[in-house]
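Okay, structure first, notes after.
No lab work stands behind these numbers, since they all come straight from the coordinates. Everything numeric here is computed off the predicted structure, so don't read it as measured data. Here the Cβ positions follow ideal geometry from the backbone for every residue, glycine too, while neighbour counts run over all protein chains shown.
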Amino acid sequence: MKRFLFAAIACALFVLPAGDAFAGSVFGNVAPALAPAISDETAASAYCQKTGGSVVVRVPEYGTNGGKPLVLANPRNWCEYTAHDGSKIDVLGATLYATKPSLAALAYYAEVQPGQCNGNPASCYCSLLGGTDLFGGINAAGGGWVGPGGLNDVLDACIFPDESSIDSFGLFYHSQDIIRGKDLAKVLRYH
């Protein structure tokens, strides 16, 4: 019984947002210290714009290769950097604004060379790094983070287990010393 109770408390600490009223009332000041840090959306958006990016609200959708995708919960703010040549890179606002290491930032800095891949090289590269950009596994339905341009604006984002995320193609190209949009090493708050 003690193990079950400990596991339930541990799960609650890591599932509830740091500012959640229930977490604060049940766990006192412990939950905010142990729960994952959630960036202030307003501050992250302001930082994005201050560093030359545009805030883009993207909605996760499954089935983007068909005519009518399933719109999923939890739209997120992304920071999109566009270069003069039209190339772009998107980074999740919370990933951009974090001052502590995230798996996405570390993957960007590491510039690990791609291994053997079949199919979409950016998706494969993301998987090799320990992330995923697949919605619903490997299938023909497709999915991604849809921006204001609808199905003409679907982002394949590499999401890591710590929920940090960067554009899959941006990560892949960066591993080949090609900067798309902007060199994130100059704007990520975690160095």
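A few remarks follow.
- Net length gained if the chain between L106 and S54 were fully extended (0.36 nm per residue, minus Cα distance): 16.5 nm
- Counted by neighbouring Cβ atoms within 10 Å, the residues H174, H84 run from fewest to most as H84, H174.
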